[in-house]
Amino acid sequence: MSKFFTRMGDGFGIYLSEEEIRADIEEGTKDAADRAQIPQLSKEEMDHLYDIVTMPGIVVGVERGQEVVTTSDSGGCKISYHCNIAIDRSTAILIHEKVLGADSLDLGHIDYSYKAVKSVLHDEAAMMELTQLNSVIPVLYGSMPNLGLYTKPDGPVDNWAELLPLGRIDEARAAQEEAVEHAVKDIVYVAEGMYEAGADGMNIDTSGASGDADVLAALKAIEIIKQKFPDLGIEMGMAGEFILGMHGKLEYDGVRLAGLYPHNQVKLAEKAGANIFGAVVNTNSNMSFPWNIARTVTFVKACTEAANIPVHVNVGMGVGGVPMCEVPPVDVVTRADKALIEIGKADGL
Amino acid sequence: MSIEIILIKAREAILECDAKKAVTVAQQALEEGLDPIEVLTNGFSVGIRDIGDLFGRGQVFLPELMMSAQAMKEATVILEAALQAGDIAKKGKMLIGTVQGDVHDIGKGIVVAMIKTQSIEVIDLGRDVPVHTLIEKAMEYNVDIIGTSALLTTTLPEQRKLEDQLRKLGLREKFKTMVGGAPCTQRWADRIGADAYAEDAAQAVTKVIELIGQKN
Amino acid sequence: MAHEVASGMGGIRTAGDLVLRLQLSKSMKIHDAKKYVADKLGITPLELSDCVIMAEIREDLNLGRPMPPDRTAKGIEAKFRIAQLLGIKINSVERFKTKAGLS
């Protein structure tokens, strides 16, 4: 029986038979459907996914006319800080624009948190002004709400990660609620500076990294920014496929945040005023690519169907069906792209 | 009350995060002359595994998980008091930490809470812990297991460093090692020579019990 | 890079930046945004991702290009034209006008 090359969620290459791939696809879509209470992929969609997984060629692509656009997270930092090539971020953005074909980029500081960048906002704003003079593509400013930074000793509020194991639940919750207010102020403050500097938009990125309070901070900040600057674009990017309930009782617009999956997350992002929603689905290192991508596409399809705003799926190391490895292999990255766009109906990546 | 009903109530107490109910069920079990180990294993522990699973699916949240762990702990104290000294001696000691360069410890905190419910002593060194500190403390506390967590692909090599350092110091056979974290896999554990890998908190509990059994 | 090869519009090589501007300013989903831009340019949505067709259009309308020769629009100048073409406000253009005393 012939076998097809694919990979595990940690990137390691494996050979699977048609039956094994089909079984993994079915299990993957079932897992997502069961968790989020959403429909599984149809038989036709699973067949299409099977074709994508087993397609000959190292690199595959979407059908002509199905191309989408891309936004980034901390894209301006990647050449200089991640690859250790000594260029400034403005130059990095121009390289992405003129050489790499990026549709947009975000200028982000290496200390990628709104709390951290507020103290260097003047420098960040100057970099944005310079970048805007020279670039043609939309350039956003990106950072994370990163609520953890507001806890002692780095910040003013008690550390809920220490309080929770001690059973001091009410205090832990109160600390998170206090941190939300601090974070909202910082995000709005940075957005004001970036608006004046000519940013095309704000990327409120990796929302939820510190749980449901982190998401609440992002939503509240977006609401205020939109009221102040209706023309400033906003992308809200998530941290994981469901909102981790560190608090557990926080609500936005009457909806409890903890435990929400992408198809429900996007509705709140819309309500707050976000223009683009960055959906995230985590990759399981221990499962195969067919399992991971079937699961991811199932979540994404439900999300894009629910959304009235464009959905850009996070597709990179450890998210969007892409294996959790530092150098993601193009064979699975391009297959993930094709599946997310053609079956998941993603509006962008 | 039959063993079946006690086991169901024990599981319920954990799922309802109800410490008072857990204590009452544990006391009832002893009054009925039931085997404390069976009540722990097939009742309370089932509840902990189930709530861990619900947490992993976003249906239960961290405060509830912590309250459940507390309920389990209180029930365990009562049931353990009824065990023979020999049974208690079977329990072991574990050192745990998030590796150097990595400050992610939400998952590790859950693992610690779950393992503690099994009456295993856990020394939690927190996050960003260098290999030399892990080894020094493992020696100091004379632990059975060293567990490490790494969330980033860039910090994963610290787990290998621990294995290498233990071998270099001639201490590898003294401790069992266990690894975990999002980028971690059984393949990685095999590559570096770790004794066990756990995908989530519930599996960590099972693996720790297995490792302690192997040591004894 | 893999994304651009497999599924990307290609930024200013084509009309990727223009389509994204519609997503960002009017929350348009991909096919609506493509249709909007295609209508403005008088081409089909399919042609938006064709770098030969779009190179000619970008040259004709002076919208900024990956390898812009001398005396062609670069940076903010290109964005003045893009804002006008698409009928949207581009923040950097608005701020530039304010700072330069043009509005």
I'm checking my understanding of the structure. Among residues of region A:201-228 that are open to solvent by less than 40 Å² (accessible area, probe 1.4 Å) and part of a loop (DSSP other than H, G, I, E, B), which one is farthest from the other protein chains (Cβ to nearest Cβ)? A:Gly208
Subset of region A:290-347 [part of a helix (DSSP H, G or I) and polar (S, T, N, Q)]: A:Asn292, A:Thr296, A:Thr298, A:Thr304, A:Thr334
For region A:251-269, name all the residues that are more than 8 Å from chain B (Cβ to nearest Cβ), in contact with a helix residue (DSSP H, G or I) (Cβ under 9 Å, 6 or more places away or on another chain) and surrounded by fewer than 24 Cβ atoms within 10 Å (Cβ to Cβ). A:Glu251, A:Tyr252, A:Asp253, A:Val255, A:Arg256, A:His263, A:Asn264, A:Lys267, A:Leu268
Here are A:Ser90, A:Ser74: which of them is surrounded by 15 or more Cβ atoms within 10 Å (Cβ to Cβ), touching a strand residue (DSSP E or B) at 6+ places or on another chain (Cβ under 9 Å) and at negative phi? A:Ser90
The condition from (1) surrounded by fewer than 16 Cβ atoms within 10 Å (Cβ to Cβ); (2) at the interface with another protein chain (Cβ under 8 Å from one of its Cβ atoms) that C:Lys79 misses is numbered (1)
Please give the helices (runs of 4 or more DSSP H) falling wholly within region B:13-121 in which 1 or more residues are without any contact (Cβ under 8 Å) to a residue 60 or more places away in the chain and within 14 Å of another protein chain (Cβ to nearest Cβ). B:19-31, B:45-56, B:62-81, B:106-116
Among the residues of region A:316-349, the number that are acidic (Asp, Glu) and either open to solvent by 30 Å² or more (accessible area, probe 1.4 Å) or on the phi > 0 side of the Ramachandran plot (or both) is 1
Only one of C:Ser49, C:Ser25 that is open to solvent by 20 Å² or more (accessible area, probe 1.4 Å), facing chain A (nearest Cβ under 8 Å), touching a residue at least 60 places away in the same chain (Cβ under 8 Å) and not β-branched (Val, Ile, Thr): C:Ser25
Test: residue in region A:111-127 that is open to solvent by 40 Å² or more (accessible area, probe 1.4 Å) and in contact with an Asp or Glu (Cβ under 6 Å, 6 or more places away or on another chain): yes
Only one of B:Val103, B:Val179, B:Val99 is under 17 Å from the mean Cα position of the chain (by Cα) and not charged (D, E, K, R), namely B:Val179
Give the residues of region B:35-54 that are under 16 Å from the mean Cα position of the chain (by Cα) and either of a type outside the set (Val, Ile, Thr) or open to solvent by 10 Å² or more (accessible area, probe 1.4 Å) (or both), sorted by residue number. B:Leu40, B:Thr41, B:Phe44, B:Ser45, B:Val46, B:Gly47, B:Arg49, B:Asp50, B:Gly52, B:Asp53
Right, A:Tyr189: surrounded by fewer than 24 Cβ atoms within 10 Å (Cβ to Cβ) and within 14 Å of chain C (Cβ to nearest Cβ) or not? no
Determine whether region B:165-176 contains at least one residue that is open to solvent by 30 Å² or more (accessible area, probe 1.4 Å), under 17 Å from A:Cys325 (Cα atoms) and more than 14 Å from chain A (Cβ to nearest Cβ). no
Output the residues belonging to region B:122-144 that are assigned to a helix (DSSP H, G or I) and of a type in the set (A, V, I, L, M, F, W, C). B:Val131, B:Leu134, B:Ile135, B:Ala138, B:Met139
Residue that is nearest to B:Met67 (Cα to Cα) [pool: residues in region A:145-163 that are crowded, with 19+ Cβ neighbours inside 10 Å and polar (S, T, N, Q)]: A:Thr151
Consider A:Asp231 against the criteria (1) open to solvent by 10 Å² or more (accessible area, probe 1.4 Å); (2) at pLDDT below 95; (3) within 26 Å of B:Met66 (Cβ to Cβ); (4) in a loop (DSSP other than H, G, I, E, B): it satisfies all of them except one. Which criterion is unmet? (3)
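Results for (1) touching a strand residue (DSSP E or B) at 6+ places or on another chain (Cβ under 8 Å); (2) within 14 Å of chain C (Cβ to nearest Cβ); (3) more than 16 Å from A:Ala209 (Cβ to Cβ), shown as yes or no for each residue.
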| residue | (1), (2), (3) |
| --- | --- |
| A:Ser104 | yes, yes, yes |
| A:Ser113 | yes, no, no |
| A:Asp123 | no, no, yes |
| A:Met127 | yes, yes, yes |
| A:Met144 | yes, no, no |
| A:Trp160 | yes, no, no |
| A:Leu163 | no, no, yes |
| A:Gly167 | no, no, yes |
Considering region A:66-93 alone, what residues qualify as being facing chain C (nearest Cβ under 9 Å) and part of a helix (DSSP H, G or I)? none
Out of all the residues in region A:17-32, which are open to solvent by less than 70 Å² (accessible area, probe 1.4 Å) and under 23 Å from A:Ala302 (Cβ atoms)? A:Ile21, A:Ala23, A:Asp24, A:Ile25, A:Gly28, A:Thr29, A:Asp31, A:Ala32
Candidates C:Ala55, C:Ala33, filtered to the one that is more than 9 Å from chain A (Cβ to nearest Cβ), in a helix (DSSP H, G or I) and open to solvent by less than 50 Å² (accessible area, probe 1.4 Å): C:Ala55
Exactly one of these conditions fails for A:Leu41: (1) modelled with pLDDT under 95; (2) closer than 23 Å to A:Ala346 by Cα; (3) crowded, with 23+ Cβ neighbours inside 10 Å. Give me its number. (1)
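The values are calculated or read from the model by the stated rules, or taken from the named source; none is laboratory data. Predicted model only: the values in this text are computed from it and were never measured. Positions of Cβ are generated from backbone atoms using ideal geometry, with glycine treated the same way; all protein chains shown enter the neighbour counts. Accessible surface areas use protein heavy atoms only, side chains included; no ligands, DNA or RNA. Shrake-Rupley method; radii C 1.70, N 1.55, O 1.52, S 1.80 Å.
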